[in-house]
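Participant: Dumping the structure here so I can ask a few things about it.
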Amino acid sequence: MEEALTTLLASVAGGRRYWVRAPQSAVRPFVVLQRISGVPDYHFQGPSGLVESRVQIDAYADTYSTAKATARAIKTLLSGYSGGDIQAVFIDGERDLPAVDAGDVTNLFRTSLDILVHHADI
């Protein structure tokens, strides 16, 4: 699933997408992805072989409008997507957040998306 999402997002933010953490030298805008949870699916005969993963995707940029435009590009690519090992992608939420934790000083803007990915358990 991680590899598929990385490939799907190749055209967003100039191809700058990272899992868990971006390097300090990352050129903006960029995207950071984190798998928040993975819930296996079952039926009455046992595991179905599918998983529902919640993935948080954060778009970072120097301006609010660029962060929003990057998030919109992500939504356009992923909303309702299915293909390969991915059965379906659903947008579950969107929010604007500070780029770092409280107390830190930064000039970055961040728009955060939650997506649900139904995929093969590989």
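Participant: Pairs only if they're at least six apart or on different chains, beta carbon under 6 angstrom, first in region 9-31 and under 23 Å from GLY83 (Cβ atoms), second in a helix (DSSP H, G or I) and of a type in the set (Ser, Thr, Tyr); list them, first residue then second.
Facilitator: Pairs found: ALA13/THR70.
Participant: May I pose another question? Scan region 41-68 for residues that are small (Gly, Ala, Ser) and open to solvent by less than 70 Å² (accessible area, probe 1.4 Å) and jot them down.
Facilitator: So the first thing to find is which residues in region 41-68 are small (Gly, Ala, Ser), and the list is 46, 48-49, 53, 59, 61, 65, 67.
Result: GLY46, SER48, GLY49, SER53, ALA59, ALA61, ALA67.
Participant: Does region 59-81 include one or more residues that are farther than 22 Å from SER11 by Cβ and either in contact (Cβ under 8 Å) with a residue 12 or more places away in the chain or in contact with a Cys (Cβ under 6 Å, 6 or more places away or on another chain) (or both)?
Facilitator: No, every residue in region 59-81 fails to be farther than 22 Å from SER11 by Cβ and either in contact (Cβ under 8 Å) with a residue 12 or more places away in the chain or in contact with a Cys (Cβ under 6 Å, 6 or more places away or on another chain) (or both).
The values are calculated or read from the model by the stated rules, or taken from the named source; none is laboratory data. Quick caveat, the model's predicted, so the values are computed rather than measured. Positions of Cβ are backbone-derived with ideal geometry, glycine not excepted, and every protein chain shown enters the neighbour counts. For accessibility, only protein heavy atoms count, side chains too; no ligands or nucleic acids. Shrake-Rupley method; radii C 1.70, N 1.55, O 1.52, S 1.80 Å.
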